[in-house]
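Working notes, beginning with the structure itself.
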Amino acid sequence: MRLALFDLDNTLLAGDSDHAWGEYLCNSGLVDAQAYRARNDAFYQDYLAGTLDVLAYQNFCQELLGRSEMAQLEQWHQAFMREYVEPIVLAKGEALLRKHHDAGDQVVIITATNRFITGPIAARLGVDTLLATECEMADGRYTGRSTDVPCFQEGKVTRLERWLRETGHSLDGSYFYSDSRNDLPLLERVSHPVAVDPDPVLREIAQSRGWEILTLRD
């Protein structure tokens, strides 16, 4: 079965769900908006520049999970989905997912954003297999720390290779759709790398290597 791998943020979504979750927290009065937004924006600029300290960022964004009850987090996430995620779901992205599903491909979302944020988004998009940065849990709730290899840059390759070993899939004939320079390690591994509304660095690389460049924006 052929693999169709998809980045999530700014690929299937017209925005970044990680950053948007921070905006939801700020705008809902759940954190000190001025301080939290400043740090959230700084981390996002580091991500765009390809210089993000992913562990520092996960410690920052998962801290709230560790001090909140699961029922409260679920309620917040439902509001986040309605108000922040649904408006940025790309119809052309959904159509591309359906195309691969209809072709009998194994569709996988592989994202640096943590599983708390992205699990419900993957379900909304009809994708059963999600590789994401993991949130540590103990006694049925979040600890506020990440666990396992962050699904970011080379970590995406590490996590995918483990999943390939566990499932028996291969990268023969595989596709990977991404917008970001941060995904170059994985884009270089698949049979069909596709740059989706790429950042300037990825666009230049894709053009120089003859990779497909695609837009899912209207």
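Would you check which residues across the range 1-43 are out of contact with any strand residue (DSSP E or B) (no Cβ under 6 Å at 6 or more places or on another chain), of a type in the set (Ser, Thr, Tyr) and under 25 Å from Arg217 (Cα atoms) and list them?
Residue satisfying the conditions is Tyr24 alone.
Output the residues belonging to the range 135-147 that are in a strand (DSSP E or B) and on the phi > 0 side of the Ramachandran plot.
Gly144
Here is a yes/no grid of residues against (1) under 17 Å from Asp18 (Cα atoms); (2) surrounded by 18 or more Cβ atoms within 10 Å (Cβ to Cβ); (3) without any contact (Cβ under 8 Å) to a residue 40 or more places away in the chain; (4) among the hydrophobic types (A, V, I, L, M, F, W, C):
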| site | (1), (2), (3), (4) |
| --- | --- |
| Gly104 | no, no, no, no |
| Asp148 | no, no, yes, no |
| Cys151 | yes, yes, no, yes |
| Tyr175 | no, yes, no, no |
| Asp183 | yes, yes, no, no |
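Quick check, is Ala132 over 16 Å from Gly93 (Cα atoms), modelled with pLDDT of 95 or more and either acidic (Asp, Glu) or outside any helix (DSSP H, G or I) (or both)?
It is true that Ala132 is over 16 Å from Gly93 (Cα atoms), modelled with pLDDT of 95 or more and either acidic (Asp, Glu) or outside any helix (DSSP H, G or I) (or both).
Check the range 188-203 and report whether any residue there is modelled with pLDDT of 95 or more, open to solvent by less than 60 Å² (accessible area, probe 1.4 Å) and in a helix (DSSP H, G or I).
There is at least one residue in the range 188-203 that is modelled with pLDDT of 95 or more, open to solvent by less than 60 Å² (accessible area, probe 1.4 Å) and in a helix (DSSP H, G or I).
Do any residues in the range 59-71 that are in contact (Cβ under 8 Å) with a residue 24 or more places away in the chain have Cβ atoms under 8 Å from those of residues that are assigned to a loop (DSSP other than H, G, I, E, B) and among the small types (Gly, Ala, Ser), where the two are at least six apart or on different chains, and which pairs are they?
Met70/Gly140
Tally up the residues in the range 118-142 that are under 25 Å from Leu55 (Cβ atoms), out of contact with any Phe, Trp or Tyr (no Cβ under 8 Å at 6 or more places or on another chain) and of a type in the set (D, E, K, R), please.
3
I want to confirm something. Restricting to the range 50-62 and keeping residues that are part of a helix (DSSP H, G or I) and open to solvent by 50 Å² or more (accessible area, probe 1.4 Å), which single residue is nearest to Ser180 (Cα to Cα)?
Step by step, filter the range 50-62, then rank; the result is Leu55.
Residue under question is Ile121, and the condition is that it be in a helix (DSSP H, G or I), within 17 Å of Leu12 (Cβ to Cβ) and β-branched (Val, Ile, Thr); does it hold?
So Ile121 passes the test.
Can you tell me which of Thr129, Thr51 is farther than 21 Å from Gly22 by Cβ and of a type in the set (Ser, Thr, Tyr)?
Thr129
Being at pLDDT below 95, of a type outside the set (D, E, K, R) and in a helix (DSSP H, G or I), is that true of even one residue in the range 72-80?
No; the residues of the range 72-80 include none that is at pLDDT below 95, of a type outside the set (D, E, K, R) and in a helix (DSSP H, G or I).
Output the qualifying pairs, or none if there are none: Cβ atoms under 6 angstrom, residues six or more apart or on different chains, first residue in the range 190-218 and farther than 23 Å from Gly15 by Cβ and of a type outside the set (Asp, Glu), second residue open to solvent by less than 90 Å² (accessible area, probe 1.4 Å) and not in a strand (DSSP E or B).
Listed pairs, sorted by first residue: Val190/Leu171; Val190/Ser174; Ser191/Gly173; Ser191/Ser174.
What's the total number of residues in the range 89-118 that are aliphatic (A, V, I, L, M), closer than 23 Å to Leu171 by Cα and in a strand (DSSP E or B)?
Matching residues across the range 89-118 total 5.
Does the range 67-78 contain any residue that is under 26 Å from Leu186 (Cβ atoms) and buried (at least 16 other Cβ atoms within 10 Å of the Cβ)?
No, that holds for no residue.
So, in the range 1-49, of the ones that are open to solvent by 10 Å² or more (accessible area, probe 1.4 Å), more than 18 Å from Arg115 (Cα to Cα) and outside any helix (DSSP H, G or I), which residue ends up modelled with the lowest pLDDT?
Among those residues, the one meeting the criterion is Met1.
The values are calculated or read from the model by the stated rules, or taken from the named source; none is laboratory data. Everything numeric in this text was worked out from a predicted model, so none of it was measured. With ideal geometry, Cβ positions are generated from the backbone for all residues, glycine too; neighbour counts draw on all protein chains shown. Heavy atoms of the whole protein, side chains included, go into the accessibility calculation; ligands, DNA and RNA do not. Shrake-Rupley method; radii C 1.70, N 1.55, O 1.52, S 1.80 Å.
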